[in-house]
Amino acid sequence: MTTTKRRRPREIATTWPIATRSFKVKTVDFAAPPSTSGSFEDFWNGLPKILAAQSLRKVAAAIHAAKRKGKPVVLAFGAHVLKTGLGPVLIDLVERGFVTALATNGASGIHDFEIAFHGRTSEDVAAVLETGEFGMSRETGEGIFRALRSGRKKGVGYGRALGEAILRGRLPHRHLSLFAAAAKADVPLTVHVALGTDTLVQHPGMDGALVGEMSIRDFTTIRRVIGELGDGGVWINAGSAVILPEVFLKALSLARNLGHDVRDFTTVDLDMIRHYRPHENVLKRPVLSGGASYAITGHHEILLPLLAQALVLGLEEGK
């Protein structure tokens, strides 16, 4: 048995030269003062090269790299992203090829249809819940179920069925519909419905078999997209705390089970607060065998336009 010789305590603390220490913050990484040029590029390059600002640059770099390699860039988003007025931003990213696939929940389809049909969405729940009026807009239910029935006959999934119906119906605000833009660009947009969570379940025309079948078709679609993520793809989770992180984990597992080598890709979580499932199912578990992950906390209506503007201008890390 060996014994460790204990040092005698001292009365005066030991110090070391500062030059021998390692530090996480350097002056070369500091932010630049505000510019009078009005240039977004100056603003972007002037952000500190520290923490979330640098992570945002790395996300932009990963998306640019994926686009150059022809790898998928998937935006998985919750309905709040549409409700904060970001449809035009996301439509532009789809049309420019920066986003090559989208995945969302059932509520997003409702909001997107109401935007296209009526130019307004997102009820004041407290004002109408007591009277039983919440979620009971006639045209919303009728329009979406009609779209799904048509899509079932054509063999497409939930997202494509709704997007094509909005285009076909020439709805007055269809230019603001992300679903319509995805269908027009032939970009997959998948809808993953949790039964009982969306207002459609309240409508007289609710058809669980129809909704389930169309959503399962979309699960197959997103699983195929995920199968191509390896070696440079990007998966962005924006504003979904439970449903889309769970869908991602199951579809990723199935893709790997089927023989797809889904490693060395980038995952991102953008949200107002941190949640358990995005951390585990998006940022941590999927890239254990290779890849990178970034968590950036903030409001969608600020973060996503910032990222989109940087992408459009070709800005990324170190540029």
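Computed from the coordinates by the stated procedures, all read-outs in this text should not be read as laboratory data. Since we're looking at a predicted model, the values are computed, not measured. No Cβ is skipped: glycine too gets one built from the backbone with ideal geometry, and neighbour counts run over all protein chains shown.
For helix 51-69, what angle does its Cα long axis make with the longest principal axis of the chain, in degrees from 0 to 90 and rounded to 10?
Computed tilt is about 60 degrees.
Between L47, L288, L129, where does the largest GNM mean-square fluctuation fall for the chain, given springs only between Cα atoms within less than 10 Å?
Of L47, L288, L129, the Gaussian network model singles out L129 as fluctuating most.
Take the Cα atoms of the stretch 232-291, find their three principal axes, and give me the spread along each one in whole Å, biggest first.
So the extents along the principal axes, rounded to whole Å, are 35, 19, 15.
Per residue, how big is the convex hull of the chain when only Cα atoms are used? Give it in Å³.
244
Taking a quarter of the surface of the convex hull around the Cα atoms of the stretch 178-297, what do you get in nm²?
Averaging across all directions leaves 8.5 nm² for the Cα convex hull.
Which residue fluctuates the most in the chain, going by a Gaussian network model with Cα springs under 10 Å, if the choices are T15, T266, T131?
T15
Starting at the first residue of the stretch 291-305, write each ³J(HN,Hα) from the Karplus equation 6.51 cos²θ - 1.76 cosθ + 1.60 with θ = phi - 60°, in whole Hz, x for Gly and Pro.
Along the stretch 291-305, the couplings run x, 9, 9, 9, 10, 10, 9, x, 6, 4, 5, 9, 5, 5, x Hz.
Across bins of 5 angstrom width beginning at 0, how are the C-alpha pair distances of the stretch 36-148 distributed, in whole percent?
Pair shares across the bins are 2, 9, 14, 15, 17, 13, 9, 8, 6, 5, 1.
What are the ³J(HN,Hα) values, in whole Hz, obtained from phi via the Karplus relation 6.51 cos²θ - 1.76 cosθ + 1.60 with θ = phi - 60°, for each residue of the stretch 207-224 in sequence order, with x given for Gly and Pro?
10, x, 5, 5, 4, x, 4, 5, 6, 5, 4, 5, 4, 4, 4, 6, 4, 5
Quick one: net charge around L229, please, counting Lys, Arg +1 and Asp, Glu -1 for every other residue with C-beta under 13 Å from its C-beta.
Neighbourhood net charge equals +2.
What 222 nm value per residue comes from the helices of the chain, counting each DSSP H run with n ≥ 4 as -39,500 (n - 2.57) and dividing by all residues, nearest 500 deg cm²/dmol?
Helix-only estimate at 222 nm: -13500 deg cm²/dmol.
Could you work out the per residue convex hull volume over the alpha carbons of the stretch 1-78, in cubic angstrom?
348
Taking only Cα atoms, what is the 0 to 90° angle, nearest 10, from helix 106-118's long axis to the longest principal axis of the chain?
Approximately 60 degrees, to the nearest ten.
Which trypsin sites (Lys or Arg not before Pro) does the stretch 52-127 hold that lie in a coil by DSSP with at most 16 other beta carbons within 10 Å?
Passing both the DSSP loop test and the Cβ count: R96, R120.
Test of the criteria: in the stretch 133-199, which trypsin sites (Lys or Arg not before Pro) are in a DSSP loop and have at most 16 other Cβ atoms within 10 angstrom of their Cβ?
Answer in residue order: R170.
Residues with beta-carbon under 10 Å from that of T297, excluding T297: net charge, scoring Lys, Arg +1 and Asp, Glu -1? Don't jump to the answer; show the numbers that get you there.
Working: positive: R274; negative: D269, D271.
Local charge sum for T297: -1.
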